[in-house]
Each structure stands twice: as C-alpha cells, then as structure tokens.
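Visitor: Supplied in structure tokens, the structure appears directly below.
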Amino acid sequence: MGISEALPLMAEVKKTAHLNNHSLTNFNILSEVKYSAICKICKQEVSIDLTAELPVSGSLFIEACVKPPRKKKNQISS
Ligand SMILES: [Zn+2]
C-alpha cells in the first residue's frame, strides 16, 4: 500500500469535489495510508484511509460547497 494506490482515489475525490463546486487544496500526506484535503472555500474536509473499509470519507464528499456566511460583528456595548 502507498501513494500509488491513493492517487486514483485522490483523482476521484477531486472530480467529485469539483462537481460539488468545491475547490480542494492539495492532499496532505498524513501517513503512508492516510491523506486529507480541505476545500479552500467552505473548509470541509475529505480524507482517504487506505486501510478503511470505505477509503474515502468526509462531509465534503456528500455535500455541495457552501460558502460560510460572514459572521457579523456583534459589538456588545456595555
Ligand atoms: Zn467547498
């Protein structure tokens, strides 16, 4: 196991993420069997774990990209 097995999954993840309007960062290599990436826009994460039964997991994979609303500054005046 190793990156050569992860590469096709990464390509698949990127494709799916793109279909859901996400803009993925490059994958971080967490270990020889674990990789993760986040969406630059909505900050949702996707991870690949080659040892897992379902190697791809993450909210990014199932949800479309939604830009988080900007937090309004609540100024509390005392
Ligand atoms: Zn996104």
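Rule-based calculations on the coordinates, nothing more; no lab input. None of the values given here were measured: they were computed from a predicted structure. No Cβ is skipped: glycine too gets one built from the backbone with ideal geometry, and neighbour counts run over all protein chains shown.
Visitor: Pull out the extension gain between GLU12 and ILE76, defined as 0.36 nm times the separation in residues minus the alpha carbon to alpha carbon distance; nm, one decimal.
Guide: Taking 0.36 nm per residue and subtracting the Cα distance, the gain is 18.4 nm.
Visitor: Once R0 is set to 22 Å, what does the formula 1/(1 + (r/R0)^6) return for the Cβ-Cβ distance between LYS43 and LEU19, expressed as a FRET efficiency to the nearest 0.05?
Guide: Using R0 = 22 Å, I get an efficiency of 0.75.
Visitor: Kindly write out, for segment 37-45 in residue order, the coupling ³J(HN,Hα) from the Karplus curve 6.51 cos²θ - 1.76 cosθ + 1.60 (θ = phi - 60°), rounded to whole Hz, with x marking Gly and Pro.
Guide: Listing the rounded values in order: 8, 10, 7, 5, 8, 9, 6, 6, 10 Hz.
Visitor: Given +1 on the Cβ of Lys and Arg, -1 on the Cβ of Asp and Glu, and no further charges, what dipole in debye does the chain carry about its Cα centre, rounded to the nearest 20?
Guide: About 840 debye.
Visitor: Here's a follow-up. Nearest 10 degrees, 0 to 90: what angle lies between the long axis of helix 3-19 and the longest principal axis of the chain (Cα atoms)?
Guide: Long axis of 3-19 versus the principal axis of the chain: about 40 degrees.
Visitor: Right, another one. In angstroms, what radius of gyration and Dmax does the chain have, counting Cα atoms only?
Guide: 15.6, 60
Visitor: Along segment 57-68, what does the Karplus equation 6.51 cos²θ - 1.76 cosθ + 1.60 (θ = phi - 60°) give for ³J(HN,Hα), rounded to whole Hz, x for Gly and Pro?
Guide: Those phi angles translate into 9, x, 5, 4, 6, 10, 10, 6, 6, 10, 5, x Hz.
Visitor: So what's the back-of-envelope 222 nm ellipticity for the chain, counting only DSSP H runs of four-plus at -39500 (n - 2.57) apiece and dividing by all residues, rounded to 500?
Guide: -8000 deg cm²/dmol
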